[in-house]
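Structure, as structure tokens:
The values are calculated or read from the model by the stated rules, or taken from the named source; none is laboratory data. It should be emphasised that the depicted structure is a prediction, and the values quoted were computed from it without experimental measurement. Here Cβ is always computed from backbone atoms with ideal geometry, including for glycine, and neighbour counts include all displayed protein chains. Protein only, heavy atoms only, side chains kept; ligands, DNA and RNA dropped before computing areas. Shrake-Rupley method; radii C 1.70, N 1.55, O 1.52, S 1.80 Å.
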Amino acid sequence: MTALDDRVPVLTEDSIADNDRRLREEASEPTLEVPSAPPTKKTQIIAIYGKGGIGKSFTLANLSHMMAERGKRVLLIGCDPKSDTTSLLFGGKACPTIIETSTKKNLAGEPVQIGDVCFKSGGVFAMELGGPEVGRGCGGRGIIHGFELLEKLGFHDWDFDYVLLDFLGDVVCGGFGLPIARDMAQKVIVVGSNDLQSLYVANNVCSAVEYFRKMGGNVGVAGMVINKDDGTGEAQAFADAVNIPVLAAIPADDDLRKKSANYQIVGTDAGPWGALFGELADNVAEAPPTHPSALTQDELLGLFSAHDTGADVVLEPASDADMRGKHAKPVKSLEVVYDDV
């Protein structure tokens, strides 16, 4: 036996059990609790997550406009590679993204300036991180690179009451999970609706918050915004099940749909939806970060009719013959049969 072989540990039942115990201790519940009091830091950094197309950009653009209308200094940062978070504030016009602008400036040998990437509308300061072109890079890596550029621009010295971050809900990717994993935000808000896919994403976000809290993180979930609420109640049931409050329920209203499609701001006291977004602004500001309890897949399916989700389906195992199809042949048995003597 070589010296290298001597260094290879021998696995025994005791060593496996000891390793399992150590891993469980590493992931045990931390003693540091998420603070229940209002944040003491002047700037509240809030990350908003949700499934693509669920209405994060619509919600955030109107929320940020309402906050600014009330005299708050608000910075809205789009962290979705689609770069469409801020378009509602600018009548549909797209902002130059930080990543794209940085690439062009570097090629020209020029530094990026604030005015190259940050723009104002209705009192809101807005910018887009952007992402790589389709098929040419990782969106999550783009997010990380974007925040590195923000730090170089002086992000930590900026003076705002609220910094709102619009993130794609796929927190499986480390880049999109950055605010949760690195305690960049004080709290998280999820946007969902009364459909299984959006609540699946919201549940994933709650699960990510749970995981990083066990690793010593401090980010909590402040609540949920129900968008396109048709009154069927699944999103409210989800919020109750994971123990987070509903901050606002935005109805599935044709007037809202048309105004959003035409890039019109409705988060203003000058319009009929001002009271709704005013209440949302108050709730977002005051809601403390809480500890959610993510659901299992079966528990999530249980919020919906089994007829709609297939929750009552019994799984039928496939056989080797099924997999081989027309090529299936009897397999000779290796069993030895002894005749009666």
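Before moving on, here are some points about what is shown:
- Within the stretch 55-92, the only residue that satisfies the criterion of being surrounded by fewer than 24 Cβ atoms within 10 Å (Cβ to Cβ), touching a Cys at 6+ places or on another chain (Cβ under 9 Å) and free of Cβ contacts under 8 Å to residues at least 60 places away in the same chain is 83.
- Residue match in the stretch 166-174 (condition: more than 30 Å from residue 71 (Cβ to Cβ) and among the aromatic types (Phe, Trp, Tyr)): no
- Those residues of the stretch 189-201 which are under 8 Å from the mean Cα position of the chain (by Cα) and either charged (D, E, K, R) or open to solvent by 10 Å² or more (accessible area, probe 1.4 Å) (or both), in sequence order: 201
- Residue match in the stretch 159-166 (condition: closer than 20 Å to residue 120 by Cα, open to solvent by 60 Å² or more (accessible area, probe 1.4 Å), at pLDDT 75 or above and not basic (Lys, Arg)): yes
- Residue check for residue 238: open to solvent by less than 60 Å² (accessible area, probe 1.4 Å), of a type in the set (Phe, Trp, Tyr), in contact with a strand residue (DSSP E or B) (Cβ under 9 Å, 6 or more places away or on another chain) and under 13 Å from residue 206 (Cβ atoms): yes
- Count of the stretch 202-227 residues which are closer than 17 Å to residue 45 by Cα and open to solvent by 10 Å² or more (accessible area, probe 1.4 Å): 2
- Residues of the stretch 67-83 classified as in contact with a helix residue (DSSP H, G or I) (Cβ under 8 Å, 6 or more places away or on another chain), aliphatic (A, V, I, L, M) and more than 21 Å from residue 143 (Cβ to Cβ), total: 1
- When the stretch 141-152 is filtered for residues that are at pLDDT 80 or above and buried (at least 19 other Cβ atoms within 10 Å of the Cβ), only 147 remains.
- Members of the stretch 260-302 found to be in contact with a helix residue (DSSP H, G or I) (Cβ under 6 Å, 6 or more places away or on another chain) and among the β-branched types (Val, Ile, Thr), listed by number: 265, 266, 268
- Among residues of the stretch 254-263 being surrounded by 15 or more Cβ atoms within 10 Å (Cβ to Cβ) and of a type outside the set (Lys, Arg), the one that is farthest from the chain's Cα centre (by Cα) is 256.
- Residue 221, sole failed condition from (1) aliphatic (A, V, I, L, M); (2) in contact with a His (Cβ under 9 Å, 6 or more places away or on another chain); (3) more than 26 Å from residue 147 (Cβ to Cβ): (3)
- The stretch 19-63, residues that are closer than 26 Å to residue 200 by Cα, at pLDDT 50 or above and of a type outside the set (A, V, I, L, M): 49, 50, 51, 52, 53, 55, 56, 57, 58, 59, 62
- Across the stretch 264-276, the qualifying residues are those that are without any contact (Cβ under 8 Å) to a residue 40 or more places away in the chain and outside any loop (DSSP other than H, G, I, E, B), and the one among them that is most open to solvent (accessible area, probe 1.4 Å) is 275.
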